[in-house]
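Notes follow the structure.
What follows is calculated from the coordinates using simple rules that are stated; it is not laboratory data. If you're wondering where the values come from, they're calculated on a predicted model, not measured in any experiment. Neighbour counts are summed over all protein chains in view; Cβ atoms, including those assigned to glycine, are modelled from backbone coordinates with ideal geometry.
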Amino acid sequence: MVHYNEFDQPIGDEVSGWTPRPRPERVTLNGRFCTIKPLSTEKHGADLIETLLQRSENSIWTYMAAGPFETIEDFIDFLCVQESSADPLHFTIIDHELGKAVGTFSLMHMTPEHGTIEVGWVIYSQLLKRTATATEAQYLLMKYALEDLGYRRYEWKCDALNEPSRRAARRLGFRFEGIFRNALIYKNRSRDTAWFALTDEDWPHQKQAFEKWLRPENFDQRGQQKEALERPNEL
C-alpha cells in the first residue's frame, strides 16, 4: 500500500514509537554446535594462530583488507587491534566438537538511530567452512542483532568478485540489492561492492528456516545435512 502526504507525494510507511536501538555489547551467544564469544587475543590467540594461519590457506585473506601475515607476531598485532575495536565489534567462533576457536566475524557499521547494522570481517578457517557450525554461528549473531537488539536491517557486503561470499549471503537468506561500483580501494586494487540485506520483515521466515535446518534430526550420523537450508522465498 502506498501512502501519500498532503502534497499528494508518495511517502514511506510510518514507523511509530521508534527509538534508537542499543549498541551491541561484548556478549556470549550459545548454540548447539558453537559458542560465540568476544574476541580475546589472550584466550583465543593460540587457537586462531593454529586454525587461521597454520591450518588454512593464505587464500582466505584475498578479499580481506588485512593479511596474509608473514609472521605470528604480525598476526597477533592484528588480533589485538581487532579486539580493541568497538565498531567493528569482533567475535570468536568456538567449535564445540573441536573445542577451539575456528574463526571470527564482527558486527559493524552500526547506526542505532536508523536500526541498521552489518555483519562483516567474516574470517573462516578451513575447519569452519561449509559446516553446521558456520551456519549456526551466523544464525546466532543475526538473531542477536535483529531479535535481541531489535535492528531493522542486517547487511552483508563483499567484493563483487568474491563469489563464495555472494553464495553464502544468498544461502543465509540475504537478498541481493545491487553493486556499488568503485566503492573501495584495498590492497592497491579497486573494489566493486555487492550489497545484500535481510530485514526485520524477512527475519521471522528466515529464523524458521534456520531452526528447521539446525534440528538434530536434519543431520545424519556423519553430521551431514539431510535437507538444505531454505531461503525466505522458498518457504
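Quick one: of the DSSP bridges fully inside region 82-182, what percent are antiparallel, nearest 5?
The answer is about 75 percent antiparallel.
Over region 25-224, what is the percentage of antiparallel beta bridges among all DSSP beta bridges, to the nearest 5?
The antiparallel fraction comes to roughly 90 percent.
What is the dipole size for region 25-224, taken about its Cα centre, with +1 at each Lys and Arg Cβ and -1 at each Asp and Glu Cβ, in debye to the nearest 20?
The dipole of region 25-224 has a size of about 660 debye.
Relative contact order of region 25-224, please, whole-number percent, based on alpha carbon pairs below 8 angstrom and at least 6 residues apart.
About 17 percent, as a whole number.
Applying a 10 Å radius around every beta-carbon, put 83-89, 38-44, 181-187, 137-143 in order of their mean neighbour count, most first.
Those peptides, ordered most packed to least, come out 137-143, 38-44, 83-89, 181-187.
Within the set Lys43/Lys187; Lys100/Lys157; Lys143/Lys212; Lys43/Lys212; Lys157/Lys226; Lys37/Lys226, which residue pairs have Cα atoms separated by over 24 Å?
Violating the 24 Å Cα-Cα cut-off are Lys43/Lys187; Lys100/Lys157; Lys43/Lys212; Lys157/Lys226; Lys37/Lys226.
Note the full-extension length gain between Lys187 and Val81 as 0.36 nm times their separation in residues minus their Cα-Cα distance, in nm to one decimal.
This chain segment gains 36.3 nm when fully extended.
Roughly speaking, what is the centre-to-centre gap between region 10-28 and region 42-61 when only Cα atoms are used, to the nearest Å?
That distance is 36 Å.
Based on alpha-carbon centroids, what's the gap between region 193-235 and region 95-127 in Å, whole number please?
17 Å
Region 3-99: which chymotrypsin sites (Phe, Trp or Tyr not before Pro) are DSSP loop and have at most 11 other beta-carbon atoms within 10 angstrom? Each step should come with its number before you reach the end.
On the way: sites: Tyr4, Phe7, Trp18, Phe33, Trp61, Tyr63, Phe69, Phe75, Phe78, Phe91; in loops: Phe7, Trp18, Phe33, Tyr63, Phe69.
Loop-located and lightly packed - Phe7.
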